[in-house]
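J.: Provided herewith is a single structure, encoded as structure tokens, for subsequent inquiry.
The values are calculated or read from the model by the stated rules, or taken from the named source; none is laboratory data. All values reported here derive from a predicted model rather than from experimental measurement. Here the Cβ is made from the backbone with ideal geometry for all residues, glycine too, and neighbour counts use every protein chain on show. Heads up: the accessible areas ignore ligands, DNA and RNA and are worked out on the full protein's heavy atoms, side chains in. Shrake-Rupley method; radii C 1.70, N 1.55, O 1.52, S 1.80 Å.
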Amino acid sequence: MRIRTEFEAACPPDVAWRALHDPSVAAELYAPFLVMQPERAFPVALTTGTEMRARLRVFGALPVGAQMIRITDLPSAAGADWPRTMRDHGRPLTGPLALLAEWRHEMTISRSRASEHRAVWTDELHIGGAIAPLFRPVLALMWHWRGRKLRRLARNWQ
């Protein structure tokens, strides 16, 4: 099952690409509802080879699971600057989402056709397994929220 959101960000593609690699942006996505607490300090940037575990807590108090984050920047088409894709090969380790058999997350930044000073951000999650249909509505709502939050955050990334 695929859950996807796409929006035009009010910043150039290179700025969106840097923000995608900024751990503080990742931590801010679900705040204040979900707080991401890394087991060790956040790295300076989420780059190819980054591997970290993070705990998720509702309002910073109630544990809801742990997540493994494994980052790979995928190569663009030969000679092309855009689009660029980051893949998180991680997955939920504990908590309800760990029951899913498949978890694949990709974020792609491309140039807007309307303006070179705007980026198109695509955020796609693939989930699978027998219980995936039960999780899809909740995750679709979360992805919608992520998109709205990212749009708001992008206004300040200049």
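J.: Amide H of T50: which non-local residues (sequence gap of 5 or more, or other chain) have their own amide H closer than 5 Å, using H built in the peptide plane?
T.: I71
J.: With a cap of 16 neighbouring Cβ atoms within 10 Å, and only residues DSSP puts in a loop, list the GluC sites (Glu not before Pro) found in the range 65-158.
T.: Of the GluC sites (Glu not before Pro), the ones in loops of the range 65-158 whose Cβ has at most 16 other Cβ atoms within 10 Å are E116.
J.: Per residue, how large is the accessible surface of the range 61-114? Use a 1.4 angstrom probe and give square angstrom.
T.: Ligands and nucleic acids excluded, the result is 55 Å² per residue.
J.: Using the Karplus equation 6.51 cos²θ - 1.76 cosθ + 1.60 (θ = phi - 60°), what ³J(HN,Hα) coupling, rounded to whole Hz, does each residue of the range 83-99 give in order, writing x for Gly and Pro?
T.: Result, ordered by residue: x, 10, 10, 10, 10, 9, 7, x, 6, x, 9, 9, x, x, 5, 5, 6 Hz.
J.: Moving on to the next point. Eigenvalues of the Cα gyration tensor times 5, then square-rooted: what semi-axes does that give for the range 82-158, in whole angstrom, largest first? Don't skip to the answer; put the middle values down first.
T.: On the way: eigenvalues 158, 37, 22 Å².
Working from the Cα gyration tensor, I get semi-axes of 28, 14, 11 Å.
J.: Also, I was wondering about something else. Which ³J(HN,Hα) values, rounded to whole Hz and listed in residue order, are derived for the range 4-20 from phi using the Karplus coefficients 6.51, -1.76 and 1.60 in 6.51 cos²θ - 1.76 cosθ + 1.60 with θ = phi - 60°, glycine and proline given as x?
T.: 9, 9, 9, 8, 9, 8, 7, 7, x, x, 5, 5, 5, 4, 5, 5, 4
J.: Each residue of the range 139-153 in order: what ³J(HN,Hα) in whole Hz does its phi give by Karplus 6.51 cos²θ - 1.76 cosθ + 1.60, θ = phi - 60°, with x for Gly and Pro?
T.: Computed from phi, the couplings for the range 139-153 are 5, 4, 5, 4, 5, 4, 4, 3, x, 5, 5, 4, 4, 5, 4 Hz.
J.: For a quick check: with amide H placed at 1.01 Å from N, whose amide H comes under 5 Å from G60's, ignoring anything fewer than 5 positions away on the same chain?
T.: Amide H to amide H, under 5 Å and 5 or more residues apart or across chains, G60 pairs with V35.
J.: Let me ask another. Kindly provide the helix-only [θ] at 222 nm of the chain, computed as the sum of -39,500 (n - 2.57) over DSSP H runs of four or more divided by all residues, to the nearest 500 deg cm²/dmol?
T.: Values: 3 runs with 37 residues, N = 158.
Calculated mean residue ellipticity at 222 nm is -7500 deg cm²/dmol.
J.: A further question on this structure: When 1/r is averaged over all different Cα pairs and the result inverted, which Kirkwood radius in Å belongs to the range 19-61?
T.: 10.8 Å
J.: Okay, next question. So between T94 and K149, what do we pick up on full extension, going 0.36 nm a residue minus the alpha carbon distance?
T.: Here the answer is 17.3 nm.
J.: Which cross-chain or sequence-distant (5 or more) residues have an amide H under 5 Å from the amide H of G95, H modelled 1.01 Å from N in plane?
T.: Residues meeting the criterion, in which the H sits 1.01 Å from N, are A66.
J.: What's log10 of I(q)/I(0) for the chain at q = 0.08, 0.09 Å⁻¹, Debye sum over Cα points only, no solvent?
T.: For the requested q values the scattering log ratios are -0.22, -0.29.
J.: Sorted by packing (mean other beta-carbon atoms within 10 Å per residue), highest first, where do 65-76, 128-139 land?
T.: 65-76, 128-139
J.: How big, in percent, is the set of alpha carbon pairs in the range 10-82 lying more than 18 Å apart?
T.: 47 percent
J.: Moving on to the next point. How big is the dipole moment of the range 30-91 about its Cα centre under a simple scheme where the beta carbon of each Lys and Arg is +1, that of each Asp and Glu is -1, and everything else is neutral? Debye, nearest 20, please.
T.: Numbers: 8 positive and 5 negative charges, 51 e Å.
Around 240 debye, computed over the range 30-91.
J.: Sort out for me the Cα centre separation of the range 99-158 from the range 19-64, rounded to whole Å.
T.: What the calculation gives is 16 Å, centre to centre.
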